[in-house]
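The values are calculated or read from the model by the stated rules, or taken from the named source; none is laboratory data. Keep in mind it's a predicted model, so treat the numbers as computed, not measured. With ideal geometry, Cβ positions are generated from the backbone for all residues, glycine too; neighbour counts draw on all protein chains shown.
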Amino acid sequence: MPRKIVAGNWKMHNDLSETETLLKDLKKQVIPEDVTVMVAPSFTNLYKAFESTREHPIQVIAQNMHQSEKGAFTGEISASMLKSVGVKTVIIGHSERRAYFNETDDLLAEKVNAALESEIQVIFCIGEELNDRENGDQYEVIQNQLENGLFHVSEDSWEHIMIAYEPVWAIGTGETASPKQAQEMHQFIREAISKQYGKGVSKEVSILYGGSVKPANAKEIFAKKDVDGGLIGGASLKADAFIAIINAFE
Ligand code: PEP
């Protein structure tokens with residue numbers, strides 16, 4: 001069975017003291033045992049966040065990484081640097097990285113390889129733009145993103161991979177895919193994985209939904225058969241809202 005996962009992507013929000021305060025508030029809450037909770041602070045706050053959650057089930061993850069092991073890449077962070085501060089999971093291919101930092105499928109495929117080689121788990125983000133959906137091209141876009149960025153990995157690697165389906169038109173916009181739209185796409189993704197790797201892989205992989213998830217809509221979305229949790233942006237910055245989402249599984 002796929003793991004239930006709720007991951008908070010804190011993006012370029014929260015300085016060190018704000019990060020510590022948010023974590024303090026989250027740690028006061030009881031987290032259901034069957035839900036894996038992750039938070040992705042900015043790079044500068046990873047180590048403190050890791051230290052602060054050492055005795056707590058919250059996992060600290062990274063928002064991005066560079067594909068090279070080391071070298072003259074000013075401003076970049078490698079997999080081994082992430083590992084050295086306790087990070088075991090990285091988000092790769094977020095639509096903001098694709099859109100604002102020109103991250104292509106080929107580059108993302110390299111990042112996936114670099115993470116897996118360093119034994120870092122990957123949350124691989126995919127999602128169509130509004131005009132793709134309006135043109136009815138959403139399935140083709142998702143299939144291409146999977147084929148070009150992810151389907152080169154070995155079958156064994158899937159143990160370390162999660163998918164986040166995040167329709168770009170729903171990220172930070174207040175627009176959410178309806179639970180039906182989310183289920184349709186999650187089912188499509190699971191079937192695509194099944195065709196490529198077999199049912200044994202597809203029935204175990206966690207597929208998270210992301211795009212304006214909030215306490216008011218999380219329950220309905222998480223109730224869908226192929227939705228195994230969420231990647232949460234805005235609502236993960238408020239402890240109360242994030243905790244309500246973590247508790248939204250039936
Ligand atoms: C995200 O950035 O991954 C995201 C889903 O953001 P939001 O929840 O704010 O739409």
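A few points about this structure:
- Count of the stretch 215-240 residues which are surrounded by 19 or more Cβ atoms within 10 Å (Cβ to Cβ) and either of a type in the set (D, E, K, R) or closer than 16 Å to PRO32 by Cα (or both): 6
Here is a yes/no grid of residues against (1) more than 12 Å from VAL205 (Cβ to Cβ); (2) small (Gly, Ala, Ser); (3) in contact (Cβ under 8 Å) with a residue 24 or more places away in the chain:
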site	(1), (2), (3)
GLU119	yes, no, yes
ASN131	yes, no, no
GLY136	yes, yes, no
VAL141	yes, no, no
MET162	no, no, yes
VAL168	yes, no, yes
SER178	yes, yes, no
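- Any hit, the stretch 44-55, residues being in a loop (DSSP other than H, G, I, E, B), modelled with pLDDT under 95 and either hydroxyl-bearing (Ser, Thr, Tyr) or over 18 Å from VAL122 (Cβ atoms) (or both): yes
- Taken over the stretch 209-250, the criterion of being in a loop (DSSP other than H, G, I, E, B), within 11 Å of the ligand (Cβ to nearest atom) and in contact (Cβ under 8 Å) with a residue 60 or more places away in the chain is satisfied by GLY211, GLY233.
- Pairing residues of the stretch 11-22 that are loosely packed, with under 13 Cβ neighbours inside 10 Å with residues that are at pLDDT 95 or above and not charged (D, E, K, R), at Cβ distances under 7 Å and at least 6 apart in sequence or on separate chains, gives MET12/SER42.
- Applying the condition of being over 22 Å from HIS160 (Cβ atoms) and free of Cβ contacts under 8 Å to residues at least 24 places away in the same chain to the stretch 181-201 and asking which residue is surrounded by the fewest Cβ atoms within 10 Å (Cβ to Cβ) yields GLU184.
- All positions within the stretch 136-185 that are within 11 Å of the ligand (Cβ to nearest atom) and either of a type in the set (Ser, Thr, Tyr) or not in a helix (DSSP H, G or I) (or both): ALA164, TYR165, GLU166, PRO167, ILE171, GLY172, THR173, GLY174, GLU175, THR176, ALA177
- Residue in the stretch 190-208 that is away from the ligand (no atom under 14 Å from the Cβ), part of a helix (DSSP H, G or I), aliphatic (A, V, I, L, M) and under 18 Å from ALA7 (Cβ atoms) present: no
- Checking the stretch 52-60 against the condition returns a match, with at least one residue being away from the ligand (no atom under 16 Å from the Cβ), of a type outside the set (Asp, Glu), in contact with a strand residue (DSSP E or B) (Cβ under 9 Å, 6 or more places away or on another chain) and under 26 Å from VAL153 (Cα atoms).
- Selection from the stretch 79-103 of residues that are in contact with a helix residue (DSSP H, G or I) (Cβ under 8 Å, 6 or more places away or on another chain) and either more than 16 Å from the ligand (Cβ to nearest atom) or part of a loop (DSSP other than H, G, I, E, B) (or both): ALA79, LEU82, VAL85, GLY86, VAL87, GLY93, GLU103
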